[in-house]
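J.: Please read through the structure below; I'll follow up with questions.
The values are calculated or read from the model by the stated rules, or taken from the named source; none is laboratory data. Worth saying up front: this structure is predicted, and the values here are computed from it rather than measured. Here the Cβ is made from the backbone with ideal geometry for all residues, glycine too, and neighbour counts use every protein chain on show. Ligands, DNA and RNA are excluded from the accessible area calculation, which covers all protein heavy atoms including side chains. Shrake-Rupley method; radii C 1.70, N 1.55, O 1.52, S 1.80 Å.
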Amino acid sequence: MQHRAPADTFNFTVDEGTWINLDVSPDGKTIAFDLLGDIYTLPISGGKARPIATGLAWEVQPRFSPDGKHISFTSDRAGGDNIWIMKSDGSEPSQVTKESFRLLNNAVWMPDGDYLIAKKHFTSTRSLGAGEMWLYHRSGGAGVKLTTRKNDQLDVGEPAVSPNGRYLYFSEDMSGGRFFRYNKDPNTQIYVIRRLDLEKDKLINYITGQGGAVRPQVSPDGKYVSCLRRIRTKTILFLHNTETGEQWPIYDELSKDQQETWATFGVYPGYDWMPDGKSIVIWAKGKIVNIHIASRNAKTIPFSVDVSISIAKAQLTRQETFSEKFTAKMIRHATTSPDGKWLIFYAAGHIWKKKLPNGKPKRLTKDSNVFEFEPAISPDGKWVAYTTWNDTALGSIRRGKLKGGSSVAVTSRKGYFYSPSWSPDGVMIVYRRGSGNSALGFSYGVDPGLYWIAEFGGDEQMITDEGSDPRFNKAGDRVLYRSWLNGKKAL
């Protein structure tokens, strides 16, 4: 029984569907198919579908066991995509694989009905992943690896087994290279059908060529392998003669396959042969069709589904997005006053002061329309110069009293200001004017370089047109700064 959770339920009736995986029972009387994550059965003649696996879980890719008594399927009802089996009426579901990370899908039965082969999915840091073929006993267990992926990006999937159990067919992206590419041409070759001889452990490229080959399915007598190929803009159903190697198209009204993209659950939905081997039942353009091999005639199998879809309510947790008071996780530009009694620093967009050693931090100013950065304390300890930023007013250098209160602008021309520093006598401030950047803009970024200005403002005086982090020497008659020398930063 599926886990119950608060959900909204939507009811409607449809007579067509998108991306329907289907299978025909061994007696040819019943079709099992998936629709919107639920599984249904339908008489081969069509009619009203009967739900056998429904609920919040996503359940797809039904396949009848050889005796027709059970159906395997892919389900995430335990938290991730795994292989399950249930009786053909939907009762007694049981989990076969129990992967929590390397998830599985596209299971097919071995002819003995005791084992299943499924695609196990692997992912990397840049991909939706690739796959390997694994064999599992219907009772569960760790499984046995049958194929090894060549990397974590070029996918493998869509297993099919020959009636005698000797051959495993599957599709694999053989477009080359180590990485998935979005600009592949399906009219050359992306996927091929490969065949693994389970007796000799020999793997070969079996169906290749222009248009690729995907979704193999073996006829009941083992004489043919059906597959899909891309011919120009169409996906076409082909037959391959296993004895002669001859191939020919039999139906060209399919929906388009997914060869160009990642196809984690298969390049085309699963389909099946009728038990007499005379026709193929497949999904195409919203409908289920039965294609007669000899005549190429396709007959639509009408169906109607009374859908009842449950969508779980989102689990909502209240998140505190803003608080007037919070602990700053990082402070920058920390400096102490000349008498060692005060710590001045930047945090959360403003300049703060704290009396040492255990005082409580307080804003230096009450300005609310600018961000404040890079405080520098005057030599007499009475003033703090700092840079500001406002998206409209741009930047400036301002100064305020260490004891707090209002501040005044030192510079009058807009710009991008950095690294203010006082002269030893406290009558000049040196700083860098920037040229702007792609984040802040470039307006008012002319004449970048190092400048000095009087402590109360006035005209800016350029020192040099390059360099950073200017500082006066002890005598106050020279400015030291960082510069690039032979490709390295130098003082």
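J.: How many of the residues in region 152-172 are touching a residue at least 24 places away in the same chain (Cβ under 8 Å), open to solvent by less than 30 Å² (accessible area, probe 1.4 Å) and under 26 Å from the mean Cα position of the chain (by Cα)?
T.: So the count comes out to 9.
J.: In region 121-137, how many residues are surrounded by fewer than 22 Cβ atoms within 10 Å (Cβ to Cβ) and farther than 17 Å from ALA160 by Cα?
T.: Result for region 121-137: 8.
J.: Search region 380-406 for residues being closer than 17 Å to LYS362 by Cα, open to solvent by 30 Å² or more (accessible area, probe 1.4 Å) and of a type in the set (D, E, K, R), and hand back the single one that is farthest from the chain's Cα centre (by Cα).
T.: Across region 380-406, the extreme among qualifying residues is LYS382.
J.: Please go through region 318-367 and pick out each residue that is within 43 Å of the chain's Cα centre (by Cα), of a type outside the set (A, V, I, L, M, F, W, C), modelled with pLDDT of 90 or more and open to solvent by less than 100 Å² (accessible area, probe 1.4 Å).
T.: Residues satisfying the conditions are HIS333, TYR346, GLY349, HIS350.
J.: Look at region 368-379 and say how many of its residues are in contact with a Phe, Trp or Tyr (Cβ under 8 Å, 6 or more places away or on another chain) and either of a type in the set (Gly, Ala, Ser) or open to solvent by less than 50 Å² (accessible area, probe 1.4 Å) (or both).
T.: Of the residues in that region, 7 qualify.
J.: Based on this model, can you work out whether ARG413 counts as open to solvent by 50 Å² or more (accessible area, probe 1.4 Å) and either touching a helix residue (DSSP H, G or I) at 6+ places or on another chain (Cβ under 7 Å) or not in a loop (DSSP other than H, G, I, E, B) (or both)?
T.: No.
J.: Give region 32-60 a look and list any residue that's touching a residue at least 60 places away in the same chain (Cβ under 8 Å), touching a Gly at 6+ places or on another chain (Cβ under 9 Å) and in a strand (DSSP E or B), or say none.
T.: Passing the criteria: PHE33, LEU35, ASP38, PRO51, VAL60.
J.: Moving on to the next point. Just to be sure I understand, how many residues within region 223-242 are outside any strand (DSSP E or B) and under 11 Å from TYR169 (Cβ atoms)?
T.: Summing the residues that are outside any strand (DSSP E or B) and under 11 Å from TYR169 (Cβ atoms) in region 223-242 gives 1.
J.: Checking GLY47 against (1) surrounded by fewer than 16 Cβ atoms within 10 Å (Cβ to Cβ); (2) on the phi > 0 side of the Ramachandran plot; (3) within 33 Å of the chain's Cα centre (by Cα), only one condition comes out false. Which one?
T.: All conditions pass for GLY47, except number (3).
J.: So for region 424-437 (the condition being more than 23 Å from ARG478 (Cβ to Cβ), modelled with pLDDT of 95 or more, buried (at least 21 other Cβ atoms within 10 Å of the Cβ) and touching a strand residue (DSSP E or B) at 6+ places or on another chain (Cβ under 8 Å)), does at least one residue qualify?
T.: No, because not a single residue in region 424-437 is more than 23 Å from ARG478 (Cβ to Cβ), modelled with pLDDT of 95 or more, buried (at least 21 other Cβ atoms within 10 Å of the Cβ) and touching a strand residue (DSSP E or B) at 6+ places or on another chain (Cβ under 8 Å).
J.: Right, here's the next one. Which of the residues belonging to region 173-218 are among the hydroxyl-bearing types (Ser, Thr, Tyr) and surrounded by fewer than 22 Cβ atoms within 10 Å (Cβ to Cβ)?
T.: SER175, TYR182, THR188, TYR206, THR208 - these are the residues of region 173-218 that are among the hydroxyl-bearing types (Ser, Thr, Tyr) and surrounded by fewer than 22 Cβ atoms within 10 Å (Cβ to Cβ).
J.: Give all pairs with beta carbons closer than 9 Å in which a residue from region 357-380 that is at positive phi meets a residue that is open to solvent by 70 Å² or more (accessible area, probe 1.4 Å); count only pairs at least 6 apart in sequence or on separate chains.
T.: From region 357-380, the pairs are GLU374/ARG332.
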